[in-house]
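Pasting a structure here, questions to come.
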């Protein structure tokens with residue numbers, strides 16, 4: 001009940017260093033979460049977003065972690081209206097469940113940020129530009145399989161100039177009291193998508209929650225011990241098992257109902 005999981009090695013395109021690094025870990029049987037955590041611990045990767053979305057077959061779902069920037073727009077009558085441009089991490093996808101159990105995914109991820117260096121002026125109003133990395137693809141996957149897109153590279157060049165106050169601006173001798181540092185940064189955006197086929201649960205069986213196995217801390221434990229959860233209990237209460245707690249079947253949702261003391 002709840003979902004079907006297939007353990008499989010994701011298909012990885014090794015066209016970029018990031019894809020090669022992650023692909024090498026996955027080829028050795030390392031799970032995606034473990035591989036990403038290892039890269040984060042080494043300081044070479046950072047998660048921008050980790051959304052969990054549920055959608056009906058054939059219907060579109062979307063996600064945005066960011067904001068909206070107001071942009072003035074001149075109309076024909078000379079009036080100024082305001083339009084809002086979204087920026088941040090967004091994901092649009094449309095799943096379609098096929099007859100053989102495959103999930104057809106139409107995926108369109110996007111990462112955008114405001115770029116003040118590409119701004120332009122309309123009268124006294126400065127409108128910034130946007131740096132956008134976007135992809136759009138379609139793929140068929142089994143429930144629990146993962147798909148990774150890489151190669152959305154971005155290069156940034158920075159120049160930092162330092163001067164000794166008063167001396168750095170002197171003619172001829174000024175360069176002797178100043179320095180310039182150039183820095184080039186390249187980032188590779190990697191997008192990993194894992195679909196699960198969600199099925200109705202048995203109404204008589206309550207799904208396990210992330211809070212199962214713990215109880216809220218008492219005032220003494222919270223204020224003196226600096227802990228928020230104590231007193232682990234059997235995770236198999238309400239008919240569940242520890243194995244069930246780790247299975248994708250719990251991805252249908254959670255009932256946040258803590259056991260009472």
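The values are calculated or read from the model by the stated rules, or taken from the named source; none is laboratory data. Here the structure is a predicted model, which is why all the values come from computation and not from measurement. Ideal geometry is used to build each Cβ from the backbone, glycine not excepted, and the neighbour counts take in all protein chains shown.
State whether one or more residues within segment 173-195 are modelled with pLDDT under 75, surrounded by 13 or more Cβ atoms within 10 Å (Cβ to Cβ), in contact with a helix residue (DSSP H, G or I) (Cβ under 6 Å, 6 or more places away or on another chain) and in a loop (DSSP other than H, G, I, E, B).
No; the residues of segment 173-195 include none that is modelled with pLDDT under 75, surrounded by 13 or more Cβ atoms within 10 Å (Cβ to Cβ), in contact with a helix residue (DSSP H, G or I) (Cβ under 6 Å, 6 or more places away or on another chain) and in a loop (DSSP other than H, G, I, E, B).
Do any residues in segment 55-81 that are exposed (fewer than 11 other Cβ atoms within 10 Å of the Cβ) have Cβ atoms under 6 Å from those of residues that are assigned to a strand (DSSP E or B), where the two are at least six apart or on different chains, and which pairs are they?
58/96; 70/82; 70/84; 75/81; 81/73
So how many residues does segment 111-143 have that are within 18 Å of the chain's Cα centre (by Cα) and under 30 Å from residue 99 (Cα atoms)?
Residues in segment 111-143 being within 18 Å of the chain's Cα centre (by Cα) and under 30 Å from residue 99 (Cα atoms): 3 in total.
Could you check, for segment 93-106, whether at least one of its residues is surrounded by 13 or more Cβ atoms within 10 Å (Cβ to Cβ) and either more than 21 Å from residue 194 (Cβ to Cβ) or touching a helix residue (DSSP H, G or I) at 6+ places or on another chain (Cβ under 7 Å) (or both)?
Applying the first criterion (surrounded by 13 or more Cβ atoms within 10 Å (Cβ to Cβ)) to segment 93-106 yields 93-97, 102-106.
So of that shortlist, the ones also either more than 21 Å from residue 194 (Cβ to Cβ) or touching a helix residue (DSSP H, G or I) at 6+ places or on another chain (Cβ under 7 Å) (or both) come out as none.
Scanning segment 93-106, I find no residue that is surrounded by 13 or more Cβ atoms within 10 Å (Cβ to Cβ) and either more than 21 Å from residue 194 (Cβ to Cβ) or touching a helix residue (DSSP H, G or I) at 6+ places or on another chain (Cβ under 7 Å) (or both), so the answer is no.
As an exercise: evaluate residue 40 against (1) out of contact with any strand residue (DSSP E or B) (no Cβ under 6 Å at 6 or more places or on another chain); (2) touching a residue at least 12 places away in the same chain (Cβ under 8 Å) and give the number of the one condition it does not meet.
Residue 40 satisfies every listed condition except (2).
Is it the case that residue 104 is assigned to a strand (DSSP E or B) and in contact (Cβ under 8 Å) with a residue 24 or more places away in the chain?
Numbers: assigned to a strand (DSSP E or B): yes; in contact (Cβ under 8 Å) with a residue 24 or more places away in the chain: yes.
It is true that residue 104 is assigned to a strand (DSSP E or B) and in contact (Cβ under 8 Å) with a residue 24 or more places away in the chain.
Also, quick follow-up: Residue check: is residue 58 modelled with pLDDT of 85 or more and within 16 Å of the chain's Cα centre (by Cα)?
On the way: modelled with pLDDT of 85 or more: yes; within 16 Å of the chain's Cα centre (by Cα): no.
No.
Has segment 206-220 got any residue that is modelled with pLDDT of 75 or more, in the same structural domain as residue 145 (by TED's automatic domain parsing) and either farther than 30 Å from residue 36 by Cβ or assigned to a loop (DSSP other than H, G, I, E, B) (or both)?
No: segment 206-220 contains no residue that is modelled with pLDDT of 75 or more, in the same structural domain as residue 145 (by TED's automatic domain parsing) and either farther than 30 Å from residue 36 by Cβ or assigned to a loop (DSSP other than H, G, I, E, B) (or both).
Only one of these conditions is not met by residue 77: (1) within 30 Å of residue 187 (Cβ to Cβ); (2) in a loop (DSSP other than H, G, I, E, B). Which number is it?
Among (1) within 30 Å of residue 187 (Cβ to Cβ); (2) in a loop (DSSP other than H, G, I, E, B), the lone unmet condition for residue 77 is (1).
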